[in-house]
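The block underneath contains the structure these notes are about, expressed in structure tokens.
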Amino acid sequence: MRAISIDFSVPPPYNPHELVNLLQLTPKLGTFVHNPFCCEKYVGTVSKALVIALATQLPMLQVLQLSSRVESPVFDDVVVLMSRIKTLTTLHIECIHSYPDLPSYMSTPLNLEIAPSITTLSLGVLQYPSLSSSPSYAPVWDKFVTLLTHPNIKLSLLKALIIPMFPAVPAFFDLYGHQIKTLSTTSFFSQSVLAPALESCTNLEELTINLCDEVPDFPSALPNVKSLRIHPCVDDLCGTINMGLVHSCPLRLNEILEHLYFVDLPKAKTLTIVTVAAFCDLNKHRVWMSKWRYLWFKKGVRLMDHHDIELGLYE
């Protein structure tokens, strides 16, 4: 039977109890996307009634996307959802505006089995705080990732992590790095922390880097990585292309290609460059790309664009 999906994308205000009533009529719901949007500077939280309904009324829910920037969960809501939805495999959180006190929370036992089934955890691109933001709001995911290292939270099936603003939380990767097979992040904030985290990801097979101004360091070897993928930076993808970055694009791309070239990649087969936004004109640099195609070919790696067309070829 085909799974049922609901994409709830409406501008607030709306009646959350009507949404709860809808969910009660769809017990076979497999995917729920919660994405209220608002053009004004409105910041709210997901209603408790909706959190309870998601946690108790949907026995087949596998994919939950809390994609709204204007109506986000608090951390305790996330804990409830991760602990109560036993079928949940994929969780996306766009942002969290409120966290508990970190030291007291980490020292308090939780009488729940939390996140036993999640295989994919995806986190959004956080915005900088506004006047309406909670005092505990931060434009990085470090608090969230630190809280996930609580002794009662078990991400024992986690395989894929999508996380912009790479967290400086070594304890998380000490716990779960060996499980992660797919990792996607930006180079923003990651220069000094990405390499040691990747050393803990001993079974990593797919690595995606969204390249920003900073080019991160990498460990000396990524022994199980089969595919590498480089995107232009997130701001470029959002359409706010800085022309200075467009012109410097080959310089930044050249730097990350150099960093990666000296990494031992015995199982790597493809290096894909997503040729959109700041990378859309790479064909104008054909001599330069041809050099990199030859160097990666000697390592047994094909240099491709996201349409699976080889880069650096002369027509």
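A few remarks follow.
- Near I162, once Lys and Arg are set to +1 and Asp and Glu to -1 for all other residues with Cβ below 13 Å from its Cβ, the sum equals +1.
- Contact order, relative form, for the chain: 9 percent (alpha carbon pairs under 8 Å, 6 or more residues apart, mean separation divided by residue count).
- Extension gain, K28 to D281, is 86.5 nm, computed as 0.36 nm per intervening residue step minus the present C-alpha separation.
- Tilt relative to the chain, helix 243-261 - C-alpha long axis, 0 to 90 degrees, to 10: 80
- Per residue, the accessible area of the chain comes to 48 Å² when a 1.4 Å probe rolls over the protein heavy atoms.
- Normalised convex hull volume, the chain, alpha-carbon set, Å³ per residue: 149
- GNM flexibility winner over the chain from E205, E18, E71 (Cα, springs under 10 Å): E18
- Viscosity 0.692 mPa s, 37 °C: Kirkwood-radius Stokes-Einstein D of segment 1-100 over Cα pairs, µm²/s: 242
- Ranked from largest, the principal axis spans of the Cα set of segment 51-99 equal 27, 16, 15 Å.
- Acute angle (nearest 10 degrees) that the helix 75-84 long axis makes with the longest principal axis of the chain, alpha-carbon atoms: 80
- Point-to-point label distance, L313-K269, nm (Cα→Cβ direction, 7 Å offset): 1.8
- Carbon plus sulfur fraction of accessible area for the chain, probe 1.4 Å, in percent: 57
The values are calculated or read from the model by the stated rules, or taken from the named source; none is laboratory data. All values derive from a computational prediction rather than experimental measurement. No Cβ is skipped: glycine too gets one built from the backbone with ideal geometry, and neighbour counts run over all protein chains shown. Heavy atoms of the whole protein, side chains included, go into the accessibility calculation; ligands, DNA and RNA do not. Shrake-Rupley method; radii C 1.70, N 1.55, O 1.52, S 1.80 Å.
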